[in-house]
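The values are calculated or read from the model by the stated rules, or taken from the named source; none is laboratory data. All figures in this text were calculated on a predicted structure; none of them were measured in a lab. Cβ atoms come from the backbone with ideal geometry, glycine included; neighbour counts cover every protein chain shown.
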Amino acid sequence: MREQNSLPPKLPDRVLNWFLKDDLLEEISGDLYEYYMELGDIPEWKKKLFYCYHLINFLRPFALKKLEGRQKLNNYGMFKNYFKVGFRNILKYKMFSFINVFGLAVAMSVCMLIILMLADQKSYDQFHENKERVYRILGTPYVGSVPYATVPVPLSDAIKDRYPIIEKSTSLRKGVGGDAIYKNQIADLKGYFADDSFFEVLSFPLISGNKNSALSLPNSVVISKDKANQLFKDENPVGRHIQFEDRGLRVLDIDGDADSSVDWGTFTITGIVDNDAIKSHLKFDILMSISTLNRLQEDSLIVDNSQKWDAYQSAFSYILLKDEVSRSELKDALKNLSERQYSDLEDLSEYSFSSQKLTDITPGIIVANEDSFRLPELPYFVLSMFASIIMIMACLNYVNLSVAKSLSRMKEIGVRKVNGATRKNLMFQFLLESILTALLALVISTFILFFLKEAFMNLWVNKYLNFDLNVTVSVYLVFTAFALLVGMIAGIYPALFISRRKPVNALKSQIEEKKGKWGIRKVLSVSQFVFSLLFIVTSIVIYNQFKFFTEFEYGFDSENIVNVHLHGNDHELISTEFSSVPGVKNISACEYIPATGVTNLISLVDKRNEDEVIEMLHQKVSETFIDNLGLSLVAGKGLTTSASDDELTIINESAVNKLGFENPEEAIGSIWKTRENSSLKIVGVVRDFRATLLISGDEIQPMLMTSDPENFNFLNVKVSGENPMRVVSELEERWKKLDSRHRFKYEFYQNELDNTNLVVFDVVSVIGYISFLSILIACLGLLGMAIYTTERKTKEVGIRKVLGAAEMNIVLILSKSFMKLLLISVLIAAPLSFVVNKLWLDNFPNRVDFGFGTVVIGSLLMLGLGLLTIGSQTIRAARQNPVESLKDE
Amino acid sequence: MKNKGLGEFEELVLLAVCILEDTAYGVTVKKEVEKHSGRSILLGAVHITLYRLQDKGFLKSEMGGNSEKRGDRRKRLFKITETGMQQLQAAQDVRQKMWQFIPQLKPGV
């Protein structure tokens, strides 16, 4: 017999007390009690469940407390009255309500967008069964470095074998990427080598195949559902064999720069993963069993990293901690391991491991060598900060306007107080009104959000971030909670302020207008405009910077050049074919496209000091490259394919300095050794041109060009200016003849260069939008204040006009205080925005000129908008016929 | 209340109250009805029916008899009224009468 004397649970009882009619309470609770005691020998939780079930069933009209009786009726009635009065007020002062609701709605939509973004990011990696116990191991190569997401391959096994706190571990080795071929279908697959504990640590949904054995045998692969559909159409893929040709594709590659393909042999499909059903930071099309590596390593198709502790860029490692193991135990184990492995390694003596919880990866700290694009935490902080500023500005509008407006509700407050309303009641009433306003704003902001979301998704950066901004029910709940919060924050000051009024003064409509109150409102208004100007100037500066980038002189001629991806084909073959196309003027080949983000480095042994190396950019180009891109030779001659022992090379002017020559002519003919001990002979010097991204640095880096047809990845085809698209389509025809397997991939060089600056344009758009909102909200606030002031001064204006004041004078009198306000804002914000922008711009490479001119433009813009706002009201007031304003009462 | 007649469940409850004589209250009525009809009933359903029958004037009630088993709370003891008894009898009569008019007792034909 278990716990015969257990009593019914307390909490449900309290609920019953709350809703049940008082005169029924005793008998019913008694009956329930008895029922519970007689339930007999069943588990406690079941008893409680039955009890609650029966209890909830008393939620029937007959048993409910009626909202009757003196106290209750009054509460309910007052509540109703607050709602009614609140709504009437919103409807009565349409302009004010519009300003409040619209301002709040606009600001809320921005906040909601950020909530959506965060909600999406938070939903990553939530599907893993043991997500609370799974950690990714990070490696930090030296003190002060950003941690790397990658770790050495042997870590995964070593940590599991040596530390009993770890239940399981799995390792994803990088390096699978190529074409899978089945019958006539071909699909490019990118992914990892994975071991058989992969599916035990991480819960990727395997829709077919056995998750215990899928990755155990050599030559087995698990592929993603969409790629399986692409390859096999309607056939069942599991058990089928595919041919795999590796092309060196990497998971992160966007446009598939690839080496020539290497046949890796035949593989059996052992499972299909449904990657569309889940959201994970890990993205892959293919998982190859790690046991395949032995064969590939024996055939020298892949480097053997399996025991290399210094190859810390080759694998990802995930571990599953045993139950009840704390994070600090893991930390100790990792510390112990890194000391053990690395204290002897000279280059990596500072190397250390750390751990990152699976669910903390997205959104998370900035990590190097990650295999997916995602926004680190920092942009969220910045965006949230902007959004909060906007939100606060909108709330300030509400505060400002309702405090001002409260003067006209003095009588109502007085009557309420005389009739016995306490301060608490009044505060509640005004809070309710602000919450009502916020909820109205919520409705409107949902519409705005719809458009905002579209605009946001069209930002360039979102092509890579894969945000999924669908509004779900739970997100709506968050929105509603957010709106309630905003309502409360906006309403708390007005509620405090209004409820403080003394009933006598309130009824006499005596305005207790102390200087201080106006002071606060002015400070609020000024701060709004200060922020607005700050945003405006910043967005102008960034826009200028963007324009500066797009018109940047790279030092080479990118016009009418079409870059064609070779896909591992022989460049001679393709260029011969292409050169016969009418409209093609010149063709050259190179390893990577300069100034688009990709660079290679080469290290030369310094002749002056044999221990030192000189790092330079390294580009492999064909003979025609220099001519084709309009680079000019300063000294020497171009590359020729003359065969001697020394490889011929051309350097740029910066390299001349770096190598220690006084002038270009001196450098010609000198021979340099690389660290790999091959020798290079300088035959020419070209004028400096920009081969790196504009944002990556101010200076043109030293560069070295050699000719190495093996490594050419791109053709630069110079086409004639008229109708380049026709030439391109002709090129595509020719391409199809030579390579039927790969898509013809081309890009106009000028577009490619422009694309590198699109991220700057994104920043312009975001800041621009924020500044637009801030000035909008600030102006709305100003408009509200102007309406209010002119309304209150209608009589004054009438009398002044009767006594002969000119319209212009009246406008000036009415606008004076506002103009002062605007001027003060400009005086504060102009120097501030100058300093702030100077600060970040000084650390920015290739910056645009920034002077007071930009600040002046911004200030004028803001002053103009502000004056327009005030003017719209004051001029109207001044024009009014005094008869109209003086006749009533 | 418009309908002064008896519903099926009401009749069962009324009968149970009759059977239980002086000890009819929520829990016992529930048990009694469950015992005879063989179905499981919610306590709330019993209560609502008891109160309704009382409103119709078929039952009367008084408070009394607290016990430790009930956490020292009194129970409402129900008793059938004269009208209640009549109503029950009337319902029984109607049925009896109708039974007599069934030609043959052959269920399922």
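What to note about this one:
- Criterion: outside any helix (DSSP H, G or I), within 26 Å of the chain's Cα centre (by Cα) and surrounded by 24 or more Cβ atoms within 10 Å (Cβ to Cβ) - qualifying residue of A:G144, A:G139, A:G103: A:G139
- Residues of the stretch B:78-95 satisfying the condition of being more than 14 Å from chain A (Cβ to nearest Cβ) and touching a Leu at 6+ places or on another chain (Cβ under 8 Å): B:K79, B:I80, B:T81, B:G84, B:Q87, B:L88, B:A91
- Leading residue by the ranking (surrounded by the most Cβ atoms within 10 Å (Cβ to Cβ)) among those in the stretch A:670-713 that are free of Cβ contacts under 8 Å to residues at least 24 places away in the same chain and in a loop (DSSP other than H, G, I, E, B): A:S670
- Filtered by the rule that a residue be within 14 Å of another protein chain (Cβ to nearest Cβ) and under 12 Å from the mean Cα position of the chain (by Cα), the stretch B:37-58 gives B:A45, B:V46, B:H47, B:I48, B:T49, B:L50, B:Y51, B:R52, B:L53, B:Q54.
- Within the stretch A:414-428, not a single residue is closer than 18 Å to A:S97 by Cα, touching a residue at least 24 places away in the same chain (Cβ under 8 Å) and either of a type outside the set (F, W, Y) or touching a strand residue (DSSP E or B) at 6+ places or on another chain (Cβ under 9 Å) (or both).
- Only one of A:G248, A:G265 that is assigned to a loop (DSSP other than H, G, I, E, B) and either among the polar types (S, T, N, Q) or surrounded by fewer than 22 Cβ atoms within 10 Å (Cβ to Cβ) (or both): A:G248
- B:R70 vs. criteria buried (at least 18 other Cβ atoms within 10 Å of the Cβ), within 8 Å of chain A (Cβ to nearest Cβ), within 21 Å of A:G30 (Cα to Cα) and over 14 Å from the mean Cα position of the chain (by Cα): yes
- Answer residue from the stretch A:714-727, given it is under 29 Å from A:L617 (Cβ atoms) and among the β-branched types (V, I, T) and is surrounded by the fewest Cβ atoms within 10 Å (Cβ to Cβ) among those: A:V719
- Yes/no for A:A490 being touching a Cys at 6+ places or on another chain (Cβ under 6 Å) and surrounded by 14 or more Cβ atoms within 10 Å (Cβ to Cβ): yes
- Hits in the stretch A:619-639 (condition: touching a Ser or Thr at 6+ places or on another chain (Cβ under 9 Å) and assigned to a strand (DSSP E or B)): A:Q619, A:K620, A:V621
- Meets criteria (modelled with pLDDT of 80 or more, over 16 Å from B:R73 (Cβ atoms) and away from every other protein chain (no Cβ under 11 Å)) for A:E3: no
- Matching residues, the stretch A:20-51, being part of a helix (DSSP H, G or I) and more than 12 Å from every other protein chain (Cβ to nearest Cβ): A:D22, A:E44, A:W45, A:K46, A:K47, A:K48, A:L49
- Any hit, the stretch B:28-36, residues being in contact (Cβ under 8 Å) with a residue 40 or more places away in the chain and either more than 9 Å from every other protein chain (Cβ to nearest Cβ) or closer than 17 Å to A:S29 by Cβ (or both): yes
- Conditions (1) in contact (Cβ under 8 Å) with a residue 40 or more places away in the chain; (2) more than 8 Å from every other protein chain (Cβ to nearest Cβ); (3) touching a helix residue (DSSP H, G or I) at 6+ places or on another chain (Cβ under 9 Å): number failed by B:K75: (2)
- Among the helices (runs of 4 or more DSSP H) confined to the stretch A:797-889, the ones with at least 3 residues that are farther than 30 Å from A:F772 by Cβ and among the hydrophobic types (A, V, I, L, M, F, W, C) are located at A:807-842.
- Counting residues in the stretch A:318-326 that are β-branched (V, I, T), under 22 Å from A:K131 (Cα atoms) and crowded, with 18+ Cβ neighbours inside 10 Å gives one or more.
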